[in-house]
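Written below as structure tokens is the structure these notes are about.
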Amino acid sequence: MGCVHSTNQNQAELKLKRKDASHSKMLSAKLVLLGDAGVGKSSICQRYIQNTMNSAYEVTIGGAYLQKEITTSNGQLLKLHIWDTGGEERYRAMAPLYYRDSQAALLVYDVTDPRSLQSLDYWIGELDEKVRDDNMIVIIAGNKCDLPNRKVSSEEARKFAASHSVESFEVSAKTGDGLIELFRYISDQLVLNLPKMPQKGQS
């Protein structure tokens with residue numbers, strides 16, 4: 001089964017009015033990646049930003065910073081500040097340092113590991129309790145959808161996402177499948193929501 005994307009919103013609401021981007025002021029937003037160790041958060045970032053992937057697993061200690069300038073579907077320029085956080089339990093106490101000022105959170109699980117999907121309950125609870133009160137965008141993404149031994153079906157992921165009122169994507173950091181669609185969705189939603197959010201002064 002390939003990678004899929006499930007959205008709970010009316011597609012008509014996601015259509016953005018086209019405009020000339022030549023004089024657009026660049027907007028700025030912060031995205032944090034959360035999830036268990038080994039689900040592929042760093043690989044997703046590397047594939048999307050650098051179009052590379054390190055085949056050797058390396059533990060992210062604390063957090064790693066990347067950025068990318070994007071032109072969204074409506075022609076708006078957006079600088080995305082991306083914080084990739086360590087997934088090991090010993091680093092969980094550091095996570096608030098990275099998600100506290102974020103306008104969006106990408107929660108990543110491994111489609112071959114059902115426990116990694118259930119672990120997202122913890123992160124959704126954290127965000128709901130501490131920061132998800134200012135129109136913060138939350139998305140879940142199932143990584144490794146290129147592998148044949150998946151244990152989390154697309155339907156299970158859709159139900160999980162719907163139960164938390166978030167959007168669900170499936171991607172492959174190895175092949176790049178689904179990543180453009182995922183980050184396009186995040187960026188478009190940020191442009192729609194940024195006027196409603198407190199400005200955090202990203203540089």
Practice prompt. Report I49's accessible area, 1.4 Å probe, all protein chains in place, as a number in Å² to the nearest 10.
Written response: 40 Å²
Worksheet item: Taking a threshold of 30 Å on the Cα-Cα distance, which of the pairs K79/K144; K41/K130; K25/K174 fall above it?
Response: K25/K174
Practice prompt. Report the accessible area of T52, computed with a 1.4 Å probe over the heavy atoms of all protein chains in place, in Å² rounded to the nearest 10.
Written response: 70 Å²
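Order 67-76, 102-111, 36-45 from most to least packed using the mean count of other Cβ atoms within 10 Å.
Result, highest mean Cβ count within 10 Å first: 102-111, 36-45, 67-76.
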Worksheet item: When only C-alpha pairs under 8 Å and at least 6 residues apart count, what is the relative contact order of region 93-169, in percent?
Response: 37 percent
Practice prompt. Using the heavy atoms of the protein chains and a 1.4 angstrom probe, tell me the accessible area per residue for region 116-169 in square angstrom.
Written response: 44 Å²
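The values are calculated or read from the model by the stated rules, or taken from the named source; none is laboratory data. Computed from a prediction, not measured in an experiment: that's the story for all the values here. Using ideal geometry, Cβ is built from the backbone for each residue, glycine included, and neighbour counts are taken over all protein chains shown. Protein only, heavy atoms only, side chains kept; ligands, DNA and RNA dropped before computing areas. Shrake-Rupley method; radii C 1.70, N 1.55, O 1.52, S 1.80 Å.
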